[in-house]
Amino acid sequence: MAEPVENKYLVARPIYSEDSFGADHEIVERRHTTALDHLKRICGCSPEKAKKIALTFFPIASWLPAYRFREWILNDLISGVTTGLVAVLQGLAYALLANVSPGYGLYTSFFPVVVYFFLGTSKHISAGPFPVVSLMVGSVVANLVPENSMDSGNSTVVNATAEDLLNKERIVVAASLTFLVGIIQLALGLLRIGFIVIYLSEPLINGFTTAAAIEVVVSQLKYVFGISIPSFSGPLAMFYSLESLFSQITKTNVADLIIALIVMVFVYIFKEINDRFKSKLPVPIPIEIIMTIIAAGVSYAFNFQDKYKVNIVGPIQKGYQAPMAPSISVFKATIANSFSIAIVGFAVAFSVAKVYSIKHNYNVNGNQELIAFGLSNILCGSFRGFAASTSLSRSSVQESTGGKTQVAGIISAILVLIVTLAIGYLLEPLPKSVLAGIIIINLKGMLMKFNEIPVLFQRDKYDCLVWILTFIASVILGLDLGLAVGVGIELLTVVFRVQFPRFVVLANILKTDIYKNKKDYNNMHEPSGLKIFRCPSPIFFANSEFFKEKLIAAAGFNPLWVLRKRNKALRKIKKLLKKGELHVTSKGLICTSYDYKESDDEELDNNRLEELDQPTNTADLPIDINWNDDLPDILSVPKVDIHSLIIDFGAVSFIDMSGMKALKGILKEFIKIGVDIYIANADGGVLEKLKRSKFFDDDIKTSMFFITVHDAVLHVLEKNGLKNITQRGQMKETDSILLSSPTTNGTIYRNNHSIGNETRF
């Protein structure tokens, strides 16, 4: 049988046919191989790529096989136990912020840690409750399920039942909200838009978290004073809470107040000791845990609840309940809040993760972090937890106590699991005022961010404005609306920075090829008749007119106004020459009559206004007119003291159609009055766009563009001679221009090379 011919159409034909089995089997194999290769090209998938994708979605598969058991397990064990104790305490405390029963905080300290162990990319952060996020959840819960919604009379039994119903309703709202937050974070991660966090700048985050810290303090005052006040939400909620608190200040429970003050004093003192001697202490003194154990024991021994009416944590459910389905009605009511919580939770977690990744030299993946926290919150919401992020203090404990990997995290989760399943009942007598005091003292770091305001004011007024306005908006309007206002203000500052940039006039640093703002340096030289104008931003529709105004201001005159004045004078000259009232002499033009009426000019302007914007044409005059020379008094023409204008485009990253139109218009106006225009340092992309947009014509040519400002200056000096320099007495005409270049190690050299005036692109 003849040797089969292989061609590119084999894949499209049937692999098996009636007459091609025996000797044609080789053709079949080649066809099959070609089909697989074609499928790989279509899908873009290979074993290596599939492995990379798997490791991206399951980071544990990359670091767990490389785990150094003998070297790291002891450190991770100590770190995990310490972090677990802190997580138990913070879970109980931050549940108060979320307006749910303290026991549910243990769920939030467990489920997110387990999911993050498998899916997270940071080795050191501790997933779980975070005060700002918990407070945002609590604000939504209080809004949808206020405390007075279950009032049913004065009976103790009825009140207990109403309180149980209230707690159940609130946990449904908190869990459903958390589920929706997880969906949003998961969707953002799968869509690979983790970059959204870049829109939350550090000043915005600090202003927002400082406002949140103040709201946390206000929310905990009712536990410190032992006063029952209603929950408020929405704008001015914090002020309503303070008003309600101070109106009942005489009902303060002295026992709660004393307990809270004692706890705050001891926690503050030992935290200062930890900070001062952190280099000498093997692990920080766990003062919060110590105070919690002591307070729970003393409260149980002396029966604080019955004797002193102290508000205690109360029953903590043993074990875990079956998963619950989220409420669709809650989804509809909380979609905007969910988005805010999702962004804030991720921003905080990612920023903390970045801190430790830089410190320990590894990478974190923003999109994978979104996926990890999204699934964490979905699982946590399913089991009646509330939204999780990460706590800087808890993560600091995990890292500072020697934690190497997320094995420390899973050990902390096991400890939380033990408390939930077996020994949680030991914390039931714990006074809530203890938790409130611990929360308030732990907010010291956030409240100290007020010290940033004077520093920001000195360094960047816009950043300072973002910080202050975000803080004020969050305090007055609430955290959700405050965050939205902060983002809006931040984007406005970007618009203002670009729309109203700081245009400057450059000058040469003597004996160098460097050009800087002439106001910032001494010993600067600005050649006579030459202006160098720097544009520090893109040119687009929002700042094109501002660019024109600043360019005109730098030049010192309006070229269109000068052009019109010259054309008016030219008309007057022609008319007076025709009447014989203006004569040409060796000394120039001499006027013999001063009876010329300005009303004649006005009539001409009204009838032939468009002619004033055309280039002056002196070809039919018996004399060449130098508009900068002395002219007869009847001719009023402003003098132009520059012959060249260089525009530095080094910072112009893009230019849109409006910007091109404005640029072309102002360039033509300068060209019409005889001012040479040059553009230097233009980006290649900008040049390509100008070329595609038909920017160049008979007046505006590529020869106007130079690679550097210095090349353009040398071209101007070569074209106009050295008269502009000698006029100021800087040097003699016989002298050469001496320049010092960084590439010559400071050596003075003579620059005699010619500058080509055609830019190719």
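Against the list (1) touching a strand residue (DSSP E or B) at 6+ places or on another chain (Cβ under 8 Å); (2) within 20 Å of G437 (Cβ to Cβ), the condition L89 fails is (1). What is the residue count in segment 358-390 for residues that are within 21 Å of the chain's Cα centre (by Cα) and either of a type in the set (V, I, T) or under 16 Å from V113 (Cβ atoms) (or both)? So the answer is 7. On the basis of being in contact with a Pro (Cβ under 8 Å, 6 or more places away or on another chain), touching a residue at least 24 places away in the same chain (Cβ under 8 Å), open to solvent by less than 40 Å² (accessible area, probe 1.4 Å) and more than 26 Å from F346 (Cβ to Cβ), does G103 make the cut? Spelling it out, G103 is indeed in contact with a Pro (Cβ under 8 Å, 6 or more places away or on another chain), touching a residue at least 24 places away in the same chain (Cβ under 8 Å), open to solvent by less than 40 Å² (accessible area, probe 1.4 Å) and more than 26 Å from F346 (Cβ to Cβ). When T405 is tested against the conditions (1) at pLDDT 90 or above; (2) β-branched (V, I, T); (3) in a helix (DSSP H, G or I), the lone failure is (3). Under the condition of being more than 18 Å from P431 (Cα to Cα) and open to solvent by 40 Å² or more (accessible area, probe 1.4 Å), the residues counted in segment 59-95 number 17. When we screen I316, I335 for residues that are open to solvent by 10 Å² or more (accessible area, probe 1.4 Å), hydrophobic (A, V, I, L, M, F, W, C) and at pLDDT 90 or above, the only hit is I335. The test for being in contact with a Ser or Thr (Cβ under 9 Å, 6 or more places away or on another chain) and open to solvent by 10 Å² or more (accessible area, probe 1.4 Å) does not hold for N377.
Meeting the requirement of 3 or more residues that are farther than 26 Å from I328 by Cα and at pLDDT 90 or above, the helices (runs of 4 or more DSSP H) wholly within segment 92-203 are 111-119.
Being within 30 Å of the chain's Cα centre (by Cα) and open to solvent by 10 Å² or more (accessible area, probe 1.4 Å) is the requirement here; does L119 meet it? So L119 passes the test.
Residue by residue, here is whether (1) buried (at least 24 other Cβ atoms within 10 Å of the Cβ); (2) of a type outside the set (S, T, Y); (3) in contact (Cβ under 8 Å) with a residue 60 or more places away in the chain; (4) more than 19 Å from G80 (Cβ to Cβ) holds:
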site: S357; (1), (2), (3), (4): no, no, yes, yes
site: N365; (1), (2), (3), (4): no, yes, yes, yes
site: A387; (1), (2), (3), (4): yes, yes, yes, yes
site: I418; (1), (2), (3), (4): no, yes, no, no
site: E428; (1), (2), (3), (4): no, yes, yes, yes
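Restricting G486, G424, G482, G437 to those that are open to solvent by less than 50 Å² (accessible area, probe 1.4 Å), in contact (Cβ under 8 Å) with a residue 24 or more places away in the chain and farther than 30 Å from F232 by Cβ reduces the list to G424. Search segment 499-518 for residues that are modelled with pLDDT under 90 and pair each with any residue that is open to solvent by 40 Å² or more (accessible area, probe 1.4 Å) and among the hydroxyl-bearing types (S, T, Y) when their beta-carbon atoms are under 7 Å apart and the residues are at least 6 apart or on different chains. Close Cβ pairs (under 7 Å, with a partner that is open to solvent by 40 Å² or more (accessible area, probe 1.4 Å) and among the hydroxyl-bearing types (S, T, Y)) amount to I509/Y521.
Quick grid of which residues meet (1) under 18 Å from S636 (Cα atoms); (2) in contact (Cβ under 8 Å) with a residue 40 or more places away in the chain; (3) in contact with a Phe, Trp or Tyr (Cβ under 7 Å, 6 or more places away or on another chain); (4) part of a helix (DSSP H, G or I):
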site	(1), (2), (3), (4)
A542	no, yes, no, no
K550	no, yes, yes, yes
L560	yes, yes, no, yes
L563	yes, yes, no, yes
A569	yes, yes, no, yes
K574	yes, yes, no, yes
K578	no, no, no, yes
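Within segment 517-535, the only residue that satisfies the criterion of being under 18 Å from K664 (Cα atoms) and assigned to a loop (DSSP other than H, G, I, E, B) is C535. Tallying residues that are over 12 Å from S389 (Cα atoms), in contact with a Gly (Cβ under 6 Å, 6 or more places away or on another chain) and among the polar types (S, T, N, Q) within segment 96-123 yields 1.
State whether one or more residues within segment 186-196 are of a type outside the set (S, T, N, Q), buried (at least 21 other Cβ atoms within 10 Å of the Cβ) and on the phi < 0 side of the Ramachandran plot. The answer is yes, given that some residue of segment 186-196 is of a type outside the set (S, T, N, Q), buried (at least 21 other Cβ atoms within 10 Å of the Cβ) and on the phi < 0 side of the Ramachandran plot.
Across segment 489-516, the qualifying residues are those that are out of contact with any strand residue (DSSP E or B) (no Cβ under 9 Å at 6 or more places or on another chain) and among the polar types (S, T, N, Q), and the one among them that is surrounded by the most Cβ atoms within 10 Å (Cβ to Cβ) is T493. Do we have any residue at all in segment 453-472 that's modelled with pLDDT under 90, open to solvent by less than 50 Å² (accessible area, probe 1.4 Å) and aliphatic (A, V, I, L, M)? There is no residue in segment 453-472 that is modelled with pLDDT under 90, open to solvent by less than 50 Å² (accessible area, probe 1.4 Å) and aliphatic (A, V, I, L, M).
In segment 243-279, the qualifying residues are those that are of a type in the set (S, T, Y) and open to solvent by less than 90 Å² (accessible area, probe 1.4 Å), and the one that is farthest from T292 (Cα to Cα) is S247. Count of segment 389-402 residues, restricted to those that are among the charged types (D, E, K, R) and either open to solvent by less than 10 Å² (accessible area, probe 1.4 Å) or in a loop (DSSP other than H, G, I, E, B) (or both), is 1.
The values are calculated or read from the model by the stated rules, or taken from the named source; none is laboratory data. What you are looking at is a predicted structure, and each value in this text was computed from that prediction instead of being measured. Note that each Cβ is placed from the backbone with ideal geometry, even for glycine, and that neighbours are counted across all protein chains shown. The area values use the complete protein model at the heavy-atom level, side chains included, leaving out ligands, DNA and RNA. Shrake-Rupley method; radii C 1.70, N 1.55, O 1.52, S 1.80 Å.
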